[in-house]
Structure formats: C-alpha cells, structure tokens
Amino acid sequence: MGVLQEAGKILVLNAGSSSLKFKLFSLVPGLVAGVGGMIDRIGDTVNSNLVAKGNGNKWTEKVPIKDHVAAMECIMGFLSDKESSSIHKEVQAVGHRIVHGLDIHQAALLDDNVIQKLHQAATLAPLHNPPGLQGLAAAMKVFQGVPQVGVFDTAFHQSMPPKAFMYGIPYDYYTQHKIRRYGFHGTSHKYLVETAASMLGKSPQQTNAITCHLGNGSSITAVKNGLSVDTTMGLTPLEGLVMGTRSGDMDPAVPLHLMNTLGLSAKEMDTILNKKSGLLGVCGHNDLRAIIDNKAAGDERAALALDMFVYRVRKYIGAYAAALSGRVDALVFSAGIGENSSIIRGLICEDMQAMGVSIDDAKNKATVGGAQGDISAPDSRMRVLVVPTDEELSIAQQTLDVVSKVKSKVAVAA
Ligand code: ADP
C-alpha cells in the first residue's frame with residue numbers, strides 16, 4: 001500500500017438503473033469504512049432522495065437528480081460537506097460493482113479494452129450492465145485522471161471447469177454467442193470463503209466450502225481450495241434456487257409451453273420469470289418474514305413456498321457436497337435470510353447429521369442481526385458458519401489491490 005497516499009480514500013460505487021449507492025473507505029492503513037448511502041429515484045427530480053449514514057450520523061435529503069452524473073456530483077458535494085472539504089483530492093481510486101464481466105477473472109482497471117468488453121456483455125446482462133456503465137461514465141467525468149476499477153460479480157466463478165459451466169446445447173452457441181453459465185454474487189462468495197477460512201484458521205487455498213448467499217436474490221457456490229467450482233446461477237441470475245421473485249431451475253420447456261399456449265412474448269415471459277415468480281409467484285409474498293408469519297397463521301401457500309425454498313437449498317447443498325467429494329470444511333450462511341433467519345437455517349440443517357451437518361440451537365438463535373459466528377454442534381463434521389457479507393469492503397479491497405499493483409509497476413518502470 002506504500003505507493004498510495006496515507007490520507008487517501010477509496011470510493012465504492014454500485015449503480016442501478018435509477019439508483020447510485022456509494023461508500024467511502026479510508027486507508028489508515030487497512031481499510032476503514034466511512035460514510036455510505038445512496039441516491040434513489042434518479043430521473044424523478046421531484047422525489048429523488050439522498051440517504052446516508054456514517055461516523056455516528058444519519059442523513060436524508062431531498063435532492064433533485066436528473067441523471068447519474070448529477071447523482072455523482074451531488075454525492076461529492078455531500079461528502080465534501082460532511083466528510084472532508086478536500087475529498088476530490090483524497091479519492092485515489094473508484095471501485096465499481098459491475099454485474100457481468102464475461103470471461104474477466106479478476107478485478108481490473110477499467111481501460112478502453114475492458115470498457116468495450118463490458119459493452120459487449122450488456123447484451124447478456126441488459127438489466128444490469130448498462131447502469132454500471134452509466135455510473136462509470138459519471139465517475140470518469142467527476143474524477144478525471146483517477147483510476148477506475150471494475151469488480152465483477154462473475155469474476156470469482158471464472159475458475160469453474162467447463163463441465164460445470166457448459167450447457168447441454170449445440171456447442172456453437174457457446175463459441176459464437178458466449179452462452180454458458182457465468183454465476184453471480186461472486187464478490188460475496190469470495191468474501192465469504194476468505195472470512196470462513198480465517199475463522200477456521202486456514203488459508204482460502206486450504207478451504208473447501210459451500211457458501212449460501214440467501215437474500216432476495218440467492219445463490220450457492222461450491223468452493224474447492226478457495227476457488228469456485230460450481231454455482232447455482234447461470235447465464236443470468238435466474239437459474240438455481242427459488243428466489244424472492246425469480247423462478248430458479250425449471251424444465252426449459254415450461255416457458256416455451258406457456259408462450260405457445262398463452263401467446264406471451266419473450267419480454268413478457270422474461271418479466272414473469274424474473275419479477276413475478278419464485279416465492280412471490282407461489283404465495284403472493286417475496287419477503288420470508290411475511291411468509292413465516294403467514295404460515296404460522298395457517299396459510300397453506302406460504303407453507304408450500306417456504307418448503308420449496310428450503311428444499312431447493314438442501315438439494316444444492318447435497319449436490320455440492322458430492323461435487324466436493326464429500327470433503328467440506330464449512331457450510332456458510334449469509335445475506336438477508338442467511339444472516340438473520342435462525343428459523344430458515346434451522347430448517348435447512350434439520351436432520352442432516354448423516355451429511356455431516358449439525359447445528360447448536362442456542363448458537364443458531366443467538367447469531368443474527370449482523371453477528372458472525374460458528375453455529376455448529378460439537379459433533380458436526382462441517383463447521384456451520386454465519387458470515388455477514390460485506391461486498392463494499394471486498395470491492396474496496398480489490399480496488400486497492402489493482403491500483404497498488406498498477407502503481408508499483410509504474411514505480412519499477414520509472
Ligand atoms: P438483496 O438480494 O435484495 O440484497 P438481502 O440480502 O438484503 O437482499 O435480503 C433481503 C431478504 O432477506 C428479504 O427479502 C427477506 O426475505 C430476508 N430477511 C431479512 N431478515 C429476515 C428474517 N429475520 N427472517 C427471514 N427473512 C429475512
């Protein structure tokens with residue numbers, strides 16, 4: 001880190017189509033999180049808001065924001081007011097969360113070549129990559145000459161072998177159209193395995209794990225010696241688990257049949273599978289808290305949705321234990337559901353002793369609301385860990401690594 005100024009800061013950005021999330025990290029040394037927040041409803045100049053917190057304070061401000069550049073300028077004005085008046089000089093690098101990085105296997109400086117690749121990837125991730133690129137364009141305008149680094153949700157899964165990432169369809173679709181499984185939530189899965197390894201007192205390279213990122217969007221990854229060898233999401237984040245509003249795995253003939261019989265367009269079918277399916281489609285709610293309450297009140301569809309969610313997670317844990325030849329050091333739970341719901345963790349791990357999974361009920365109940373810990377029973381062959389994910393910290397860390405490498409190369413060349 002010696003090549004970066006000690007007073008420097010890293011700004012992490014995560015752009016959505018109508019939102020821009022940000023978090024500032026100081027290099028002191030080691031990364032320390034400062035103010036973070038988001039501007040939402042970009043484009044709606046009457047209702048757009050800036051919501052932020054940090055350093056013991058919370059703010060909500062009405063701000064008229066017409067586009068991502070205006071959002072970026074607003075965030076910098078806010079940070080220069082609340083954090084440091086010389087913030088423009090202090091930000092040494094900007095780290096961008098980019099959803100789809102095609103075959104890019106690690107965080108990278110966003111130079112012209114990489115940016116061109118991300119534009120190509122936009123055809124595969126039409127909902128996700130264009131906002132990321134808008135956020136990048138805004139940051140390049142506001143921070144001229146500051147390194148911009150891309151951290152890709154797909155990158156961690158680039159270590160998957162072809163037998164895991166290929167679909168059983170004509171090979172030309174792969175070579176000509178890049179149709180394959182890419183996987184997502186990679187920044188989170190990478191953070192989870194690194195944290196789990198340190199909790200076990202091992203290096204990631206010595207660690208096999210099944211990492212469960214269970215939120216509104218959910219995915220599970222099989223990690224062998226620190227590397228992703230399989231993951232539940234595919235070409236897009238639609239594959240795999242039953243999610244809040246996404247169907248997850250199904251016979252690909254189902255949408256074809258529905259399109260034929262109901263006369264639905266591809267776009268309509270896409271909306272149904274991504275936004276109206278999953279838990280929402282089955283029982284009318286996508287929040288598991290409401291589903292658990294409704295089940296308790298006797299709602300049978302809520303009970304069914306809950307069973308389907310838990311069953312699919314258990315099925316993948318079994319599949320990935322087999323993919324790892326039964327050698328699994330840790331089963332890791334994270335994200336909104338995995339970090340907060342001892343009920344769901346309990347159901348997932350119920351009657352799994354024969355698989356080597358056994359949890360301690362008291363520890364399970366106590367490890368919620370952002371707590372990190374080991375909830376396994378003493379006889380559990382796999383350690384069962386709860387790890388609050390921190391994608392922003394991981395993005396800041398990876399951004400710092402990329403910039404440090406580039407700067408030390410320049411220093412050596414000089
Ligand atoms: P996103 O994928 O949007 O980032 P999060 O990781 O924030 O989602 O997870 C949000 C989800 O977490 C909510 O939809 C809700 O289903 C679930 N959740 C949060 N707290 C609990 C809880 N105590 N019990 C059950 N589910 C919870």
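Which count do you get for residues in segment 319-366 that are part of a helix (DSSP H, G or I), within 16 Å of the ligand (Cβ to nearest atom) and of a type in the set (Gly, Ala, Ser)? Residues flagged as part of a helix (DSSP H, G or I), within 16 Å of the ligand (Cβ to nearest atom) and of a type in the set (Gly, Ala, Ser) within segment 319-366 amount to 6. The one condition from (1) over 23 Å from the mean Cα position of the chain (by Cα); (2) more than 16 Å from the ligand (Cβ to nearest atom) that Tyr311 does not meet is (1). Of the numbered criteria (1) within 14 Å of the ligand (Cβ to nearest atom); (2) in contact with a Gly (Cβ under 8 Å, 6 or more places away or on another chain); (3) of a type in the set (Ser, Thr, Tyr), the one Ser228 fails is (1). Scanning segment 123-154 for residues that are crowded, with 17+ Cβ neighbours inside 10 Å and more than 25 Å from Val91 (Cβ to Cβ) yields a count of 3.
Residues in segment 321-343 that are more than 17 Å from His185 (Cα to Cα), touching a Leu at 6+ places or on another chain (Cβ under 9 Å) and of a type in the set (Val, Ile, Thr): Ile343 alone.
For segment 367-414, a residue qualifies if it is without any contact (Cβ under 8 Å) to a residue 24 or more places away in the chain and in a helix (DSSP H, G or I), and the qualifying residues are Lys405, Lys409, Val410, Val412, Ala413.
Considering only segment 155-210, state which residues are under 12 Å from Asp230 (Cα atoms), among the hydrophobic types (A, V, I, L, M, F, W, C) and free of Cβ contacts under 8 Å to residues at least 60 places away in the same chain. Listed by number, the residues that qualify are Phe165, Met166. So, in segment 206-225, exactly how many residues are more than 15 Å from His157 (Cα to Cα) and away from the ligand (no atom under 16 Å from the Cβ)? The total comes to 2.
Pairs are defined by a Cβ separation below 6 Å, a sequence spacing of at least 6 or placement on different chains, a first member in segment 306-331 that is under 24 Å from His285 (Cβ atoms) and acidic (Asp, Glu), and a second member that is outside any helix (DSSP H, G or I) and at pLDDT 95 or above; no pair meets this definition. A Cβ distance below 8 Å, combined with a sequence gap of six or more or placement on separate chains, defines the contacts here; from segment 277-288, residues that are touching a residue at least 60 places away in the same chain (Cβ under 8 Å) reach residues that are part of a helix (DSSP H, G or I) and within 9 Å of the ligand (Cβ to nearest atom) in the pairs Asn286/Leu279.
The values are calculated or read from the model by the stated rules, or taken from the named source; none is laboratory data. The structure presented is a predicted model; accordingly, all values stated were derived computationally and were not measured. All Cβ positions, even for glycine, are placed from backbone atoms using ideal geometry, and neighbour counts span all protein chains on display.
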